[in-house]
Structures are given as structure tokens and as C-alpha cells.
Amino acid sequence: MTDIRHFLDIDLLDRETLRNILNTAKSIKLLDSQLNYLHGRSLAMVFEKPSTRTRVSFELAIKQLGGHAVILDQNGTQLGRGETVADTARVLSQYVDAIMLRTSAKASLMEMSEAATVPVINGLTNESHPCQIIADLLTIEECKGPVGEQVVAWSGDGNNVAASWIHAAVKFQFELRLASPKTLQNASGLIKWAQSNGGRVTVCEDPRLAVEKADCVVTDTWVSMGDKKDSERRSLLEPYQIDSKLMSYAKKDAIFMHCLPAHRGDEVTTEVIDGKQSVVWAEAGNRLPAQKSILMWCLGVSV
Ligand code: CP
Ligand code: NVA
């Protein structure tokens with residue numbers, strides 16, 4: 001164990017740390033966005049997969065806090081020609097104060113964090129998306145109050161974002177009901193971990209059951225980066241689409257959330273995502289204070 005503050009996954013952090021990160025994100029929004037908390041600090045971002053929100057919000061986050069970002073993609077670096085992730089981590093650690101990695105394999109993230117001598121941030125893997133969830137929890141608390149008092153319903157693919165929601169349900173103690181087709185549910189080991197750690201987390205196949213009287217209805221793409229787009233997957237997921245009828249089973253003042261990018265007509269109808277209950281633009285906007293707070297925690301800086 002090292003004392004480097006990696007931000008790898010929500011299940012790896014304690015409740016107090018996570019609450020502090022969330023509260024700092026809130027405070028940051030109230031302060032002048034140009035405060036120099038990270039003056040002279042630098043962040044390398046390595047993208048093995050595409051990104052709009054994560055890339056722009058991290059780059060602006062460190063810039064607005066007085067630091068700067070260097071953006072690398074796999075093909076533009078020696079990673080694309082076979083230099084190992086571990087060697088890349090050792091080299092980047094000589095130049096920058098933190099590294100953010102978006103990759104397919106969790107093993108690459110772990111390799112990066114084990115070899116780096118600076119904090120490593122998980123910018124999404126096939127298995128989780130923890131930075132997204134900090135922004136999502138911020139959005140829930142702004143719209144609905146303390147997250148521990150909310151019921152969150154997920155309808156759709158049991159994917160990487162859903163996995164981070166499961167981690168968060170345990171750490172922030174809210175009720176999470178997931179509805180996914182049997183073959184696309186989150187791993188049973190993850191659900192067992194949540195339940196045995198006091199998480200109010202349930203999985204079912206009926207989206208109406210999950211959404212019934214929920215405070216917050218969430219979904220994500222049916223085809224994550226790296227997934228095969230096939231017709232069987234589509235037909236399995238069609239009953240999980242968030243449309244106005246499904247939303248009507250949630251509380252009247254329920255909000256709709258989506259990490260984006262969205263596919264109107266697939267996982268959500270245009271009517272819902274562009275409707276009054278949707279908070280997806282505020283949610284995307286909250287990636288910025290969330291990234292600032294994550295960076296500040298990793299670098300040991302407080303407000
Ligand atoms: N939600 C999210 O992480 O979006 P990007 O893939 O655009 O970064
Ligand atoms: N589940 C999606 C999230 C994108 C931000 C994916 O992995 O492609």
C-alpha cells in the first residue's frame with residue numbers, strides 16, 4: 001500500500017473521503033472558478049477510447065484551478081507501438097502531478113496505478129466510471145436533497161456506469177433498484193458485495209418494479225464503447241427504454257439522468273430526455289466541479 005491518493009473506484013474509498021469529495025465539488029461551485037488551488041500542477045490524460053465530457057471537463061478543471069493538462073491518445077504515443085502501461089506510468093510520473101486514464105481493461109488501470117508515483121484517476125474502464133458518479137450525486141443533491149434519502153432506479157444495460165452506481169449506493173447509503181435483462185445484469189458478485197456491505201441494492205427484470213415511486217430514474221446507452229452492436233442485444237433492451245409511460249410510475253417530481261452520450265429512440269425517448277424532468281445538461285455541467293474536486297483530493301489540496 002502507498003499513500004498516493006489514487007481515484008480508481010468508489011468501492012475502494014471510504015465514506016468520509018467520498019463525502020468530502022462531494023462537498024468540495026459543491027463548495028467549488030460557489031467559489032470563483034478561477035481560484036488557483038492547483039497553481040503550477042499538471043495532469044496527463046491518456047485516452048484509449050473517445051471522450052467529450054471527461055476530456056473537456058478535466059482539461060478545464062485543472063486550467064481553471066491554475067494548472068495545465070497534457071492530452072495523449074493511444075495512437076499518438078508509444079503505447080500504440082507496444083510500450084507498456086507500466087513504463088508509460090513511470091515516465092509520465094517524471095513530468096506530471098497526476099494521470100487520468102480512460103481504458104478498456106481494468107488491468108491496465110491497475111498496472112498504471114501500481115507503477116505511477118503520482119495519483120492515477122479512472123476516467124472510465126469497461127467495468128466502472130467513478131468520476132461520472134461524483135457529478136451525478138452532486139446533481140441529485142442539488143435537485144432533490146441528501147442522496148441517502150433518495151430512491152434511484154436504473155433501467156437498461158448493467159454496464160460500467162451501473163457498476164459505479166452500485167458502489168455509490170453502498171457508500172452513500174441510498175436505495176438503488178436496477179432493472180436489466182437477465183443476461184445483461186451486473187455481475188452477481190458485485191450485487192452480493194453490495195448487499196453484504198449493507199447496500200440497499202436490488203436487481204430485477206421488470207423496469208416498472210424498479211422505477212415505481214423512484215426519485216431519480218437513470219439509464220445509459222445500450223451499446224457501450226467496445227460492445228458489439230447486435231440485434232439480439234437491442235431486442236433484449238427494448239423493454240427497458242425510458243419513455244413517458246415508464247417515467248409516470250416514478251414520483252411526480254422524479255428527475256431523469258443520463259451520463260451521455262444519449263441515443264434518442266433507444267435507451268430514452270426524445271420526449272423524456274428533452275422533457276421537464278430531465279436534468280442531463282446540469283448533470284453534464286457538474287462534471288466540471290466534480291473533476292476539480294477529484295483533482296484537489298488526489299493532490300491533497302482542500303478549499
Ligand atoms: N459521460 C462521459 O463520460 O462522457 P464522455 O465519454 O464524452 O467523456
Ligand atoms: N457506458 C458507456 C459510458 C460512456 C460515458 C460506455 O462505456 O461507452
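Things worth noting here:
- Checking each residue in segment 45-56 for being buried (at least 22 other Cβ atoms within 10 Å of the Cβ) and within 14 Å of Ala290 (Cβ to Cβ) picks out only Thr54.
- Residue list for segment 234-264, restricted to those being over 23 Å from Ile134 (Cα atoms), more than 13 Å from ligand 2 (Cβ to nearest atom), in contact (Cβ under 8 Å) with a residue 12 or more places away in the chain and outside any loop (DSSP other than H, G, I, E, B): Arg234, Leu236, Pro239, Tyr240, Ser244, Leu246, Met247
- Residue match in segment 195-217 (condition: on the phi < 0 side of the Ramachandran plot and within 16 Å of ligand 2 (Cβ to nearest atom)): no
- Subset of segment 194-213 [assigned to a helix (DSSP H, G or I), among the small types (Gly, Ala, Ser) and touching a Lys or Arg at 6+ places or on another chain (Cβ under 9 Å)]: Ala194, Ala210
- Considering only residues in segment 148-160 that are aliphatic (A, V, I, L, M) and surrounded by 23 or more Cβ atoms within 10 Å (Cβ to Cβ), the one that is nearest to ligand 1 (Cβ to nearest atom) turns out to be Val152.
- Here Leu79 clears all of (1) buried (at least 19 other Cβ atoms within 10 Å of the Cβ); (2) in contact with a Ser or Thr (Cβ under 6 Å, 6 or more places away or on another chain); (3) at pLDDT 95 or above; (4) over 29 Å from Glu142 (Cα atoms) except the condition numbered (3).
- Annotation: of all residues in segment 1-13 being in a loop (DSSP other than H, G, I, E, B) and free of Cβ contacts under 8 Å to residues at least 60 places away in the same chain, the one that is surrounded by the most Cβ atoms within 10 Å (Cβ to Cβ) is Thr2.
- Number of positions in segment 109-134 that are assigned to a helix (DSSP H, G or I) and more than 11 Å from ligand 2 (Cβ to nearest atom): 10
- Where a residue in segment 121-135 is farther than 19 Å from Gln173 by Cα and its partner, wherever it lies, is near ligand 1 (Cβ under 8 Å from one of its atoms) and among the basic types (Lys, Arg), with Cβ under 6 Å and at least six apart: Gly123/Arg102; Leu124/Arg102
- Taken together, the residues in segment 83-118 that are within 18 Å of Val161 (Cα to Cα), out of contact with any Leu (no Cβ under 8 Å at 6 or more places or on another chain) and in contact (Cβ under 8 Å) with a residue 12 or more places away in the chain amount to 3.
- Filter result for Ser93 (surrounded by 15 or more Cβ atoms within 10 Å (Cβ to Cβ), within 19 Å of Phe7 (Cα to Cα), within 16 Å of ligand 1 (Cβ to nearest atom) and of a type in the set (Gly, Ala, Ser)): no
- Residue within segment 166-178 that is without any contact (Cβ under 8 Å) to a residue 24 or more places away in the chain and either crowded, with 20+ Cβ neighbours inside 10 Å or of a type in the set (Lys, Arg) (or both) present: no
The values are calculated or read from the model by the stated rules, or taken from the named source; none is laboratory data. Source: prediction; values computed, not measured. We place every Cβ from the backbone using ideal geometry, glycine too, and count neighbours over all the protein chains shown.
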